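Working notes, structure below.
Read-outs throughout are calculated quantities, based only on the coordinates presented, and are distinct from any laboratory measurement. Here the structure is a predicted model, which is why all the values come from computation and not from measurement. Here the Cβ positions follow ideal geometry from the backbone for every residue, glycine too, while neighbour counts run over all protein chains shown.
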Amino acid sequence: MVFSVDLRLDAHDLALARGGRRLAEGLTFSLKGGEALLVTGPNGAGKSTFLRVLAGLLAPAAGTLTLRGVGVESPGQAAHYLGHAEALKGALTARENLEFWSAMLAMGDPGLDPQAALERVAMNHAPDLPVSYLSAGQRRRVAIARLLVAPRPLWLLDEPTTALDAASQVRLAGLMKDHLAAGGLIVAATHGDLGLPARELRLGGAP
């Protein structure tokens, strides 16, 4: 699908805190459709906290967040959040997990059917296997397929290449580029190169 030409994510004077301790403050940026932001910095700098704030899972310590062009009140309402946990039920098959998330996260326009999404991540051989049978890398690929079954304009990705082999990382880069080409937004926390053009937001100062 193609996202709204008016799509834009704005953050103004955002501050992050964890356990009562300020991790970052004064974060101000604007991303328009088709742009990506890579969040970098040392461990403990607040990269995961930043994504969880964007996803609406945590409240910012200060500042405002706005996602324009999709008719929702907060960015988290129109976001896919891929964190360290895959959010998959081990007793369900890969197909059943994707069917569940397709229904849960649908925003109107249909995405790929589960089988087609699994093909995009080279998991088309295992739609009927319980997720608990899969390796860590295979589970990660099923979690990435979730991004495809329910189109959402904002992808929030926390170390998305974790457990992926080189071929899977290349496929993920292709999916991210496709999302940007359709006018979507990506904010990704990473320690490495994700293989796509992006601006950088560094937390925690110099390494």
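Could you give me the ³J(HN,Hα) list for the range 79-86, computed from phi with Karplus coefficients 6.51, -1.76, 1.60 and θ = phi - 60°, whole Hz, x at Gly and Pro?
3J(HN,Hα) across the range 79-86, in whole Hz: 10, 9, 10, 10, x, 5, 8, 7.
Excluding residues fewer than 8 places away in the same chain, name every one of the lysines whose C-alpha is closer than 29 Å to that of residue 32.
Those lysines meeting the cut-off are 47, 177.
So for 8, 52, fewest C-beta neighbours within 10 Å to most, what's the order? Display every interim value, and only then the final one.
Values: 8 17, 52 20.
Ranked by crowding around the Cβ, least crowded first: 8, 52.
Ranked highest first by average number of other Cβ atoms within 10 Å, how do 179-187, 39-47 line up? Please list the in-between numbers first.
Values: 179-187: 20.9, 39-47: 18.6.
Ranked by mean Cβ neighbours within 10 Å, highest first: 179-187, 39-47.
Short version: ³J(HN,Hα) in whole Hz for each residue of the range 143-155, in order, from phi by Karplus 6.51 cos²θ - 1.76 cosθ + 1.60 (θ = phi - 60°), x for Gly and Pro, what are they?
4, 5, 4, 4, 5, 9, 8, 9, x, 9, x, 10, 9
Can you give the extra length, in nm with one decimal, that the chain gains between residue 125 and residue 182 once fully stretched, where that is 0.36 nm per residue apart less the Cα-Cα distance?
On the way: separation 57, 0.36 × 57 = 20.52 nm, distance 2.78 nm.
Additional length available on full extension: 17.7 nm.
Please give the Cα centre distance for the range 11-54 versus the range 121-161, rounded to the nearest Å.
25 Å
Testing the spin-label approximation: label points 7 Å from Cα along Cα→Cβ at residue 166 and residue 100. State their distance in nm.
Going by the 7 Å Cα→Cβ label model, 3.5 nm.
If I stretch the segment between residue 30 and residue 2 completely, what's the gain in nm (0.36 nm per residue apart, minus their alpha carbon distance), one decimal? Kindly include the intermediate steps, with their values, before the conclusion.
Working: separation 28, 0.36 × 28 = 10.08 nm, distance 2.00 nm.
Full extension of this stretch gives 8.1 nm more.
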